[in-house]
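Okay, structure first, notes after.
The values are calculated or read from the model by the stated rules, or taken from the named source; none is laboratory data. No experiment lies behind these values; they were computed from the predicted model shown. Neighbour counts run over all protein chains shown; Cβ positions are idealised from the backbone, glycine included. Remember, those area values only see protein heavy atoms, side chains included, never the ligands or the DNA or RNA. Shrake-Rupley method; radii C 1.70, N 1.55, O 1.52, S 1.80 Å.
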Amino acid sequence: MNRTLKVALLCGLALTVASCGTVRNALPFGLGKPKEDVARASEGQRISILEFEQQLAPSAALSGRDFFLPGPQAATAWTQPGGNAENSVEHVIAAPEFSVAWKRNIGAGSSNTRQVMAPVVADGGKVFVLDGEAGVTAVDSGTGAVLWKADVKVDEQDKGKRFLGIGFGGGAGGGGFGGGVAVNDGKVFVSSGYRTMTALDAATGAVVWRSTVDLPIHGAPTVSGQRVFVIDVDNQLIAFNVNTGQQDWSYRGITEPARIMRASSPAVSGDTVIAPFSSGELVALRASNGQPVWQEVLSRTSRTSALSEIRDIAGRPVISRGSVYAVSHSGVLQAMDIRSGQPKWSLPVAGVNAPLPVGDVVYVVSKAGELTVVNRESGQVYWTRDLNEGRVRQEGGVLGFGKRTVRPTWSGPILASNRLVLVNSDGEAVAFDPKTGVQQSSVKLGAAAYIAPAAYNGALYVLTDKGELVSIR
């Protein structure tokens, strides 16, 4: 093509673009628009499209009203990932000085091929933790001294089989990290991404029994009565006998491979198991035989976020005073009757942390870093606080270009000694006033933390992303 023809084609293209209203309107800085149109646009009112998705607002009826919080109680055991089988601990005596007592390295931290995910549990003077490579460590709760270590991997060749999360672990190629720990009646129960469920002697770390399963176990275990309950990466809830390790029954939910890297766990009250799945399903089953009782789907499609398609209930469901509280990644916080599953109220909150029902209210932290206080009975909002106010920053880039906005992610909360305590990806444990949301104090953890604190014998315990256990007194 000669030079003249090229110039002619380019000129023709330019005229076509200039004459096309659709393209002209898309040009930046008002290029291609008449001056009066630019002026009219600059004088108009700009409305964020995010406002169409934001429906959460404080209730005028609750404005200025106080709410009841019970006094703190001693936490003499934290045997389950959520404190107890119901995942419901309201207010504990812990960390009144709010300072770091000690730190202890417990094994493999997170990397490109592994992830620290398991919540801390404690009982009998020991704290039990699971690192990023299925290593279990028992630590003296007072001094931080390592008492024993155990490895629950079946064989070394499984090291190369891992799943990712937000991950795709629903197939046979999963493995590696995930799972968690629980302690009950002298045994430490360990679920693992290496396709194992193991019971260890709490005093020595010796293997009591081990059961292999077909798929990696994503969730942490919950122990109640004679059974230990876990959920694998294919959304199968499995009930193991606590004495023999045999599978008593199983229930398979809808397969959904996309999930969040959180070791969620079932909640159990009496003969009812509440199982959270990555499909957004919340299912109530009989603990004795696995028969389903009711099912709710906590799913909400967002017009502004494709991530709402990830429906995972990554935070533990909580059973409290006859109700079940749960929040999904796709944007549903809901309270349900435990017997019927009938919703009591629902709010548009997207979260990956367990809600905290305490006293008259429910605390919840959204994935955007907003702390919200909700009336337990009505679902009306008292107030919402942005935890990231003053913490948002710009990182990376070259010569001022390509910078990214960084917002810390938060895990928790736990109500301890009249403080609402959360940890974040900036490596802080931060205490807030539970009535107002005003920050009171903070301590440096030394590394990012993505797992909510556990309380035991007057201390808070935090497992950081680099595999360090931190005791806050």
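Less than 5 angstrom separates the built amide H of ARG393 from those of VAL406, all sequence-distant by 5 or more or on a different chain. Rounded to the nearest Hz, the phi-derived 3J(HN,Hα) couplings of the range 252-257 under the Karplus curve 6.51 cos²θ - 1.76 cosθ + 1.60 (θ = phi - 60°) are 10, x, 6, 5, 8, x, where x marks glycine and proline. Going by accessible surface with a 1.4 Å probe and the largest first, ARG286, ARG195 read ARG286, ARG195. Solvent-accessible surface of the range 170-314, averaged per residue with a 1.4 angstrom probe and all protein chains in place: 33 square angstrom. Annotation: amide H-H contacts under 5 Å for ALA452 (H modelled 1.01 Å from N, sequence separation of 5 or more, or interchain): GLY412.
Per residue, the range 331-388 exposes 30 Å² of accessible surface when a 1.4 Å probe is rolled over the protein heavy atoms with every protein chain present. Under 11 Å from a label point set 7 Å out along the Cα-to-Cβ vector of THR405, the amide N atoms of the range 379-393 belong to 392-393. The H on the amide N of GLU133, modeled in the peptide plane, is under 5 Å from the matching H of ALA108, each at least 5 residues off or on a different chain. Average accessible surface for the range 427-468: 30 Å² per residue, computed with a 1.4 Å probe over protein heavy atoms with every protein chain in place.
What FRET efficiency do you get for ASP337 and SER425 if R0 is 30 Å and r is their Cβ-Cβ distance, rounded to the nearest 0.05?
Details: r = 36 Å, r/R0 = 1.18.
Calculated value: 0.25.
Length gained on full extension, ASN105 to GLN440: 117.8 nm, using 0.36 nm per residue less the C-alpha separation.
Computed from phi, the 3J(HN,Hα) profile of the range 404-416 under the Karplus parametrisation 6.51, -1.76, 1.60 (θ = phi - 60°) reads 10, 8, 10, 10, x, 9, 10, 10, x, x, 10, 9, 9 Hz, with x in place of Gly and Pro.
The apolar share of the surface of the range 218-275, taken as the fraction of accessible area on carbon and sulfur atoms (1.4 Å probe, ligands and nucleic acids excluded), comes to 42 percent.
Rounded to whole numbers, the Karplus 3J(HN,Hα) couplings from phi for the range 235-241 are 6, 10, 8, 10, 10, 9, 6 Hz, using 6.51 cos²θ - 1.76 cosθ + 1.60 with θ = phi - 60°, and x at Gly and Pro.
Ranked by the mean number of other Cβ atoms within 10 Å of their residues, highest first, the peptides 232-238, 135-141 fall in the order 232-238, 135-141.
Carbon and sulfur together cover what percent of the accessible area of the range 353-403 at a 1.4 Å probe radius? Walk me through the numbers before you get to the answer.
On the way: 1140 of 2280 Å².
On the range 353-403, the fraction of accessible area on carbon and sulfur atoms equals 50 percent.
Relative protection proxy for 205-211, 81-87, from highest mean packing down: 81-87, 205-211 (other beta-carbon atoms within 10 angstrom).
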